[in-house]
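K.L.:
Here's a structure for you.
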Amino acid sequence: MTDPRTPEPSGVDLARVALRAAKEQARARGAAAQQKKQARRGGLRSGARADGRDPLPLGTAINRLITERGWEAPAAVGGVMGRWPQMVGPEVAQHCEPQRYDEEARVLTVRCDSTAWATQLRLLAPQLVARLNADLGQGTVRLIKVLGPGGPPRRYGPLRSPGSTGPGDTYG
């Protein structure tokens with residue numbers, strides 16, 4: 001039974017009631033869709049449960065690969081090779097560059113463009129080893145092997161005098 005004092009909703013009022021109900025339904029559908037989206041963001045999966053085949057962000061995949069293969073030290077030293085000017089200073093970096101890292105012997109090989117800079121770097125080597133180990137972890141670099149400049153290629157031929165080592169005897 002309706003109250004005789006309350007009028008029946010007319011056309012405009014019916015439209016407002018219908019619009020309010022439609023908004024509530026849309027809001028409920030939107031919330032459900034948002035929850036599904038949140039669940040998907042938690043991780044795409046290859047099946048019912050997470051396993052090793054699931055997609056990963058690139059950085060996570062690379063870090064997992066480095067850890068699984070035991071490449072932490074070489075990757076860290078590779079990072080130092082990229083930051084060489086910050087580690088040794090711009091003047092030394094201009095004349096000396098890291099060539100390779102031997103993981104088993106823990107030796108970093110550095111080539112200098114002159115014998116004077118090679119001598120200077122040999123004097124700085126203990127300080128550089130301490131700085132590198134502080135950055136990479138104790139014991140990562142045991143020794144810095146300093147190489148002088150590479151001389152021009154040795155040419156063998158008819159103009160070579162017997163017993164001479166050629167232009168290579170003034171380098172290194």
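K.L.:
For the range 68-147, build the convex hull from the C-alpha positions and give me its volume per residue in Å³.
P.N.:
For the range 68-147, the hull spanned by Cα atoms encloses 80 Å³ per residue.
K.L.:
Rounded to a whole number, what % of the accessible area of the range 50-91 do carbon and sulfur atoms account for, probe 1.4 Å?
P.N.:
Ligands and nucleic acids excluded, carbon and sulfur reach 60 percent.
K.L.:
Return one quarter of the surface area of the convex hull spanned by the alpha-carbon atoms of the range 108-147, equal to its mean projected area, in nm².
P.N.:
The Cα convex hull of the range 108-147, projected and averaged over all directions, gives 2.5 nm².
The values are calculated or read from the model by the stated rules, or taken from the named source; none is laboratory data. Quick caveat: nothing in here was measured; it's all calculated off a predicted structure. SASA here: full protein model, heavy atoms, side chains in, ligands and nucleic acids out. Shrake-Rupley method; radii C 1.70, N 1.55, O 1.52, S 1.80 Å.
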